[in-house]
Amino acid sequence: MNIKTFKESLPYLFKANIATLVHGHHGVGKSEGVRQFCEENGFDFVDLRLGTQDVGDLLGLADFKRDENGNMMATKFYQPEWFPTDPDSKGIIFMDEINRARPDVLQAVFQLVLDKRLHMYDLPKPVWDVKNPLKATAGWFVVGAMNPSTEDYIVTDLSDKAFLDRFCHIKLSPSKQEFFEYAKKIDVSTEIIQFLQDQPKMLQSELEEFNLPVTPSRRSWIAVDRLFKSKPPKHLQTELIKGLVGTTAGTAFLKSLNNGDKPVTAKEVLSEFNKKGSDVAKRIKKYSDPKSNRQSLLKFTTDSLRELCEGRTKKFNQTETKNFQDFLLTIPKDLCFDLCRELYMSDCARDAIDDHEELLKILANARNMKTDELPS
């Protein structure tokens, strides 16, 4: 991701309440990119170099809380000077050199990354512009940065999945053109710019390629959901989703989005299966075809129905009953057998099965047959 795209991504990550960890070689603009974003958007900027921090620098020094007679009552931590307190302020806490920090310092920043607080002190909460839901008028956010764990750097091992799982990981690879534009902006000598444009290989030495240490988890998929709800444009989705769940899982998910096949929920089955203009029945027929290789999508729907019926006591209305019956008769017979047998125990589905002669026969057969005797 180049610096322009990185800065464009930050409001969506902030809106989704996702901390960001930028990976990149030295001198590529990790801290400068965050600083530029702050300047362009009126944010304050707190730069914490974790490689030089002690726990007390982050958490504040401890002292004793005393009563009116001077007796020690409890331990109190002083709020560090850098910690923002103004509820109307907005800014970014930039934690640089994360993988140069000592283990105890990393433990200290866990709470800051996850809960946006230190001890009893909370970061000012985000307030969003009513007219522009991606524009924060107040609130503080967390961005981290680190060099890759390659032979080019002396860094500590940062393989703690519980820590890494709390970030969207971004690999920063700015283009040469971005550097030249930035160099002109800060008035770098024309002779230097001209030399590097003529010999771009001299801009930076060859460094070892690296991959991001990202794997999927339940927490990271919830983060993907929050990101989706912030509605980032498609050209940002690929990098950000892979930064949350990894390349393999992210690519598979994006492929499922691109082919247009989406799972049908239980609510869609009950309300739209026979609805004019709805494609629910068409999709269920497609996913039920063994040749479609979309059985996982069909399983999502049947599991969704099981969950809905387990938690519902109210019986299906007339429309829901008809949709439910037609759904059961559309899916493969083995699934229909299983669902009839399982859902008959729920109050909401029992009448729908009882009111349909063919489903009653299927239920009777399901009760009398063994699993390996079920028709395909």
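The values are calculated or read from the model by the stated rules, or taken from the named source; none is laboratory data. These figures come from a predicted structure and were not determined experimentally. Every residue, glycine as well, gets a Cβ built from its backbone with ideal geometry; the counts of neighbours run over all protein chains shown.
Listing for the model above:
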read-out: Subset of segment 94-114 [under 19 Å from Phe45 (Cα atoms) and either modelled with pLDDT under 85 or not in a strand (DSSP E or B) (or both)]; value: Glu97, Ile98, Val109, Leu112, Val113
read-out: Odd one out for Glu68 among (1) without any contact (Cβ under 8 Å) to a residue 24 or more places away in the chain; (2) part of a strand (DSSP E or B); (3) of a type outside the set (Gly, Ala, Ser); value: (2)
read-out: Residues of segment 332-350 satisfying the condition of being among the hydrophobic types (A, V, I, L, M, F, W, C), surrounded by fewer than 19 Cβ atoms within 10 Å (Cβ to Cβ) and either in contact with a Lys or Arg (Cβ under 9 Å, 6 or more places away or on another chain) or part of a helix (DSSP H, G or I) (or both); value: Leu335
read-out: Tally, over segment 174-224, of residues that are farther than 24 Å from Gly243 by Cβ, of a type in the set (Ser, Thr, Tyr) and either outside any loop (DSSP other than H, G, I, E, B) or in contact (Cβ under 8 Å) with a residue 60 or more places away in the chain (or both); value: 1
read-out: Filtered residue count, segment 282-331, keeping only those that are assigned to a helix (DSSP H, G or I) and either among the small types (Gly, Ala, Ser) or touching a Cys at 6+ places or on another chain (Cβ under 6 Å) (or both); value: 6
read-out: Any hit, segment 65-77, residues being within 27 Å of the chain's Cα centre (by Cα), farther than 27 Å from Ser149 by Cα, of a type outside the set (S, T, N, Q) and surrounded by 15 or more Cβ atoms within 10 Å (Cβ to Cβ); value: no
read-out: Positions within segment 225-238 being in contact with a helix residue (DSSP H, G or I) (Cβ under 8 Å, 6 or more places away or on another chain), surrounded by 13 or more Cβ atoms within 10 Å (Cβ to Cβ) and part of a helix (DSSP H, G or I), in sequence order; value: Leu227, Leu236, Gln237, Thr238
